[in-house]
Every structure is written in C-alpha cells, then in structure tokens.
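Every read-out reported here was derived from the displayed coordinates using simple, explicitly stated rules and does not represent laboratory data. Note that this is a predicted model, so its numbers are computed, not measured. Don't worry about glycine lacking a Cβ; one is built from the backbone with ideal geometry, like all the others, and counts go over all protein chains shown.
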Amino acid sequence: MKIFLVIPTLYAGGAERVMSILANNWAKKHAVEVEILLLANGSPFYKIDDRVKITNLGFKTNEHPFLRIISLFKLFFKFRNYVKKNRPDFVLCFMTKNNIFTLLSLLNCNIKTFVSERDSPTEKIPWITSFLRNKVYRFAEGIICQSKMSKEFIENETKSKNVISILNPLVVVEDNNPYNRDKIILNVGRLVEKKGQKYLIEAFSKLKCPDWKLVFLGDGHLKGELMEQVDMLGLRESIIFKGTVTNVSDWYKKSAIFAFPSILEGYPNALAEAMCNGLACVSFDCNTGPSDIIRNGVNGFLIEEKNVTYLIQKLQLMIDDEALRVRYSKEAFKLNKIVDQDIIANDYYNFCLASKY
C-alpha cells in the first residue's frame, strides 16, 4: 500500500507535527509505503523516520507576486502529474488552502483524497478561501476535523456527509512527577494575536508571586510588542522569552503551571501536550479545543475568553495551593490514554481505509 501525505512545509507547527507523527507511525506500525509531498522549499523541523520518503515539489513562496502565480500554475500540473503517475491508495492533506489546492489538482484522477481541517470555525478567512472550501470539500472522500464544533461547522458549510472528529495524536508520556516542580508558569505557542499572550502578561503582573517566572516558548511577529509590554510593567527579570526551542518536553516536565490564553484555536496542541506532561492548566474557554480536553474544576480550569480578572484568580489559586496543582496534574496526565499517538494514528488510518463515500 502507498500513501501520500501533502502539506506545504514541515516547519515547526501543530499541523506539521501531527503529519510527522502519522507518517512515522504508519511507516512503522503498518509497514506501508509513506511519502510526504512538500509543496514548498524547506527542511523538516520534525524528525522523520528513514522509512518515510520526502519529496519537495519546489514552490517558492518568496517570489514576486506575479512570479508566484506562475509558479503556482506550474506546481498545479507538477503535483497532479506526480500523483497520477505514482497512484497512491489514498492522499491525505492538511490545512485549508492546501486542501483546496490538492482537491482541485486531483479532480477526475480517481484517487481517494482526504482532507484534515485545521482552522477554527470562527476564524476569519478570506471570502474566496471560504467560498472555495465550501464548494471543493465536497469532492473529498472524507474530512477529518479536530473538534466536535469544527465537525458540525464543516458539515453545515460544505454539506459533506463523511466527516469525522479525531483528536490530535501525541507521544505518550510514561511518567509524571507532580511534586517539586520549578515555580514556572509556562506558555507555548506562536507570538501572534490569536494566542492572547498579552492577557497572560497582564495577569502575571498582578499576581502575588515574587519567586515565580513566566516563560514563553515560541516566536512570532508580536515578540517586540510583547517585550515592550513586559518592560513597561518592569517585569523583564520575571518574564522570559526563550523563542522556538527543540527541548519543549524538558520545559513541560519541570514547569508547575501551564497557562493558555488563546482566543482562537483549531485545536490546542500545546495545551494537550502540557496536560499529558502533568501540568496544572488554566485556559481560556475559546471557541474550539480546550473544552474538548479540560473538564473545568476536575483536570484544570476553563475561564471565560479574555477575562483577565478570572485568569488572575485561578492562577493565584494554583500558585498558592500546591495540593490543588498536584491533584490537577494527576488528572490531566490521564489524557495520555485518550490521545496516545498509536490510537489516534490508527483512527486516521482506519477512517481513510474504510471510507466508501
């Protein structure tokens, strides 16, 4: 059996991480031929199993807009011809624009093509992208969403009948030590508007926790603005920006609290990873994702979106009450049994094999 996975790049990101996990898992567990087609130039951020073939189709994203349009047309035919020539048993692609491109490219090729919707239902996207998604997704053999809300939205918008919701896979964490963690409030994610880091900085400035640190892992165009906010609050010594790091798991293991102030999510990968590593978590209850994995008051706190007052209250409660942190840590760690990468990768695999839509 031959499987093609399609994505623009394998740079650091949630969709890219999930695709790398699926590719590695399928090549190892099912002994199938897995090939990742990268539409754009770039080296993978994530480790890919040697049994997985990577083909770069060479689209250049940094060209002049006019030249980029020409390159896109060339890519269209190059991609279509490559897939037709190699005849995979099925194609799975991630990310809305990429999904549209793939489905249009493979029209009338008689190749089973599945798409995975990664965006939040309430995220604003260009009208042309929304229009094409709603028209083109019906040509997909099946659609995989990340949350129940996203599944309902896609069904209503596209009228597709073969839509399923599957959580994202994670590497199982074997051990959890909820005791004696460092006094660190951790946040992992791109420094962009929808991740809401400014709300967390504001909340941290009002906490009574002189010996605690707030650590951000990730980069983005708001880094300078967020650092200015930190400077204005006089918190340069307490709030640390580490940038994009390769040892995220080390930070998960040693931090005591994970704060997730996102106001827009497709699926909260970082939050799920934090819970699987046994962090006591506080999260905004944004549109999709957090409520699928956090049971408020049982394995973490869900807070009204953008409500900094409640965010302060819950963070202060966790800082002051180690027993509460330990209890939430143990409960959050149980998420491992649900999002184990073998289970989730198998759910993806079986859905693609079983679909006869």
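When the pairs Lys74/Lys135; Lys84/Lys337; Lys223/Lys337; Lys28/Lys337; Lys254/Lys337; Lys47/Lys195 are compared against a 28 Å limit on Cα-Cα distance, Lys84/Lys337; Lys223/Lys337 fall above it. Summarising the amide proton neighbourhood of Ile303: residues at separation of 5 or more, or on other chains, whose placed amide H is nearer than 5 Å comprise Ser283, Phe284, Asp285. Length gained on full extension, Lys183 to Ile263, computed as 0.36 nm times the residue gap minus the Cα-Cα distance: 26.3 nm.
Computed over the chain, the percent of Cα pairs more than 27 Å apart is 49.
Exposure proxy shown here: for Asp292, Asp89, the number of other Cβ atoms within 10 Å sets the order, fewest to most, as Asp89, Asp292. Simple rule: put +1 on each Lys or Arg Cβ and -1 on each Asp or Glu Cβ in the chain, find the dipole, and look at Phe139, Val173, Ile240; the Cα lying farthest toward the positive end is Phe139.
For the pair Thr309 and Met232, a Förster radius of 25 Å applied to the C-beta separation gives a FRET efficiency near 0.80, rounded to the nearest 0.05. Length available on full extension from Gln316 to Asn108: 0.36 nm per residue minus the Cα-Cα distance, which gives 69.1 nm. Around the Cα centre of the chain, unit charges on the Cβ atoms of Lys, Arg, Asp and Glu (plus for the first two, minus for the last two) sum to a dipole of about 1200 debye. Taking the number of Cβ atoms within 10 Å of each Cβ as an exposure proxy, the fewest-first ranking of Leu186, Leu170 is Leu170, Leu186. Ranked by how many other Cβ atoms sit within 10 Å of their own Cβ, fewest first, the residues Met227, Met19 fall in the order Met227, Met19. FRET efficiency for the pair Lys2 and Asn296, taken as 1/(1 + (r/R0)^6) with r the Cβ-Cβ distance and R0 = 56 Å, rounds to 0.80. Between Phe45 and Glu174, residue separation times 0.36 nm minus the direct Cα-Cα distance comes to 44.0 nm. Rounded to the nearest 20, the size of the Cβ-charge dipole of segment 239-351 about its Cα centre is 300 debye, with Lys and Arg at +1 and Asp and Glu at -1.
The Cα atoms of segment 182-338 cover 40, 32, 31 Å along the three principal axes, with the biggest extent listed first. What residue among Val282, Tyr348, Gly224 has its Cα farthest toward the positive end of the dipole of the chain, where the charges are +1 on Lys, Arg and -1 on Asp, Glu, each on the Cβ? Among Val282, Tyr348, Gly224, the one farthest towards the positive end of the dipole of the chain is Tyr348.
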